[in-house]
1. Between beta-carbons, use under 13 Å as the cut-off and find the net charge around Tyr81, counting Lys and Arg +1, Asp and Glu -1.
2. With Cβ to Cβ distances under 14 Å as the rule, what net charge do the other residues near Gly135 carry (K, R +1; D, E -1)?
3. Listing Val50, Val68 from the residue with the fewest other Cβ atoms within 10 Å to the one with the most, what is the order?
4. Can you sort Tyr122, Tyr163 so the residue with the fewest Cβ neighbours within 10 Å comes first?
5. Can you pull the one-decimal nm distance between simple spin-label points at Ile21 and Asn154, each 7 Å off the Cα toward Cβ?
6. Among rounded, prolate and oblate, which fits region 80-172 when a ≥ b ≥ c are the square roots of the eigenvalues of its C-alpha gyration tensor, a/c under 1.5 means rounded, and a/b larger than b/c means prolate?
7. Looking at region 11-52, which trypsin sites (Lys or Arg not before Pro) are DSSP coil and have at most 13 other C-beta atoms within 10 Å of their C-beta?
8. If packing is taken as the average count of other Cβ atoms within 10 Å, what order do 110-118, 136-144 fall into, highest mean first?
Amino acid sequence: MFNAIHRRRGQKGFTLIELLIVVAIIGIIAAILIPNLLDALQKAKQKRTVGDIRAVGGAWFSWLTDQVGAAAAGTANTYDYSGGLATSVSAANLLTTLFSSTSMFYIQEVPVNDGWGNAFDYRWSGNVLSSQVIGICSEGRDGGTTSGCTGTYNMGPFNATKYDQDIVWADGFFIRYPAGAKTQ
């Protein structure tokens, strides 16, 4: 009997209880970290979208100001994105305008899709004297099933964790944007 006890102590390995405790601890840690990781991924996509809109919007607004000397940014409580900006512009056509300009290059690349893989909505009124001239919209994570870059937007921020909200930039400033985002 002494030899059997002595042999047991000499064996290497973990008991079933020890293994279950380790698996339970790993499960608890995963349950805490996975939701935070998923939220961080959505936040990164949202920030990428805001950055892309800021870059293209700034280049487009600079081009508009340099080429036609128009589009003074104004202020209002609401903004009618689809009503005043009737003409859609493809990313390729916008790149042709901003990159192959005869005097300056405003941007080297115009992104086709936002951070979630949905197409950006680039629009322009076609009339530089109108109250609304240029606009860029991302339909958010849901790809437009909620609103889809149409209609009138209340100006100002939205809760940054609502990833399905549209992000809208027009005529030199953000109309709808996640709270806390750098909009200038």
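1. Details: positive: Arg123, Arg176; negative: Asp80, Asp121, Glu139, Asp166, Asp171.
That works out to -3.
2. Details: positive: Arg54, Arg123, Arg176; negative: Asp80, Asp121, Glu139, Asp166, Asp171.
Net charge around Gly135: -2.
3. Details: Val50 21, Val68 11.
Ascending number of Cβ neighbours within 10 Å: Val68, Val50.
4. Values: Tyr122 22, Tyr163 19.
Ordered from fewest to most neighbouring Cβ atoms within 10 Å, Tyr122, Tyr163 come out as Tyr163, Tyr122.
5. With each label point 7 Å from Cα toward Cβ, the separation is 5.4 nm.
6. oblate
7. Working: sites: Lys12, Lys43, Lys45, Lys47, Arg48; in loops: Lys12.
Those satisfying the criteria are Lys12.
8. Numbers: 110-118: 18.6, 136-144: 22.9.
Per-residue Cβ counts within 10 Å, averaged per peptide and sorted highest first, yield 136-144, 110-118.
Readers should treat all values here as calculations from the given coordinates under stated rules, not as data from a laboratory. Values in this document were obtained by computation on a predicted structure and should not be read as measured data. When we count neighbours, we look across all protein chains shown, and the Cβ atoms used for this are built from the backbone with ideal geometry, even at glycine.
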